[in-house]
1. Would you mind checking which residues have amide H under 5 Å from ALA8's amide H? H placed 1.01 Å from N; only 5 or more apart, or other chain.
2. Can you pull the one-decimal nm distance between simple spin-label points at GLN33 and ASP78, each 7 Å off the Cα toward Cβ?
3. Could you work out the relative contact order of the stretch 12-117, using alpha carbon pairs under 8 angstrom and six or more residues apart, expressed as a whole percent?
4. Highest first, please rank the peptides 92-101, 156-165 by the mean number of other Cβ atoms sitting within 10 Å of their residues.
5. Kindly state, to the nearest 0.05, the FRET efficiency for ARG104 paired with ARG63, given R0 = 30 Å and r defined as their beta-carbon distance.
6. Which peptide among 143-151, 44-52, 104-112 comes first, and what is the full order, when sorted by highest mean count of other Cβ atoms within 10 Å?
Amino acid sequence: MKFQNLFAAGPLARFSLLEPFRGLLNGIDVRGQLAGRAPVHQAMYLWSKASFPSYLLTMLGDRMEMAHSIEGRVPFLDHRVVEVICSQPMNLKIRGTTEKYVLREAVRDVITDTIYRRQKHPFFSPPATLYPQGKLYALVQDTLRGRALASVPFLEQRKVTDYLDRLSNCCARWRKTTRYHAGSFCAMGTLRRSRV
């Protein structure tokens, strides 16, 4: 779903002509960084300029750790490691459908075969609507259905609650076809599940 569908008519008309990615794209050196490079290298460069600093570092990295007085470091952010990886040929980064090939090979003798062969997992948290009995679920429902959202002038509360209902129904169907393993979140934050 495009989230602009949740906006009220006035703000949507006012901001519909804006191009949100124009500022990002204007700051990219297309000729120097993208032209003539392999598509994977182009995607890596764009990811490093867009998603990496604004999402990964903010939500999963240094800012989140520092907000909670935790001293931590993302290990592969050392500039020397990044420079080596950027200089490597494509077949060491991705081989067939295997991502992070050189990293897998570097640690093969210290990890299990299951870990070595498994596909990369994205960094996702389980949605709050997955657990209707949870406190976060109740907070989200109360906030989005109550006066707090009604006072936000640029969102259409009815559209937001319709979306929330569709999301809840989707998660309810997912729960019916899935068995949860108690307390079982895998290392990447995704639910481990098995089909019924």
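Every number in this text was worked out from the coordinates using simple rules, so none of it is lab data. The model shown is predicted, which means the values in this text are computed figures rather than measured ones. Cβ atoms come from the backbone with ideal geometry, glycine included; neighbour counts cover every protein chain shown.
1. Sorted by chain and number, the residues that satisfy this are LEU155, GLU156.
2. So the label points at GLN33 and ASP78 sit 2.4 nm apart.
3. 10 percent
4. By packing density, highest mean first, the sequence is 156-165, 92-101.
5. 0.55
6. Final packing ranking: 44-52, 143-151, 104-112.
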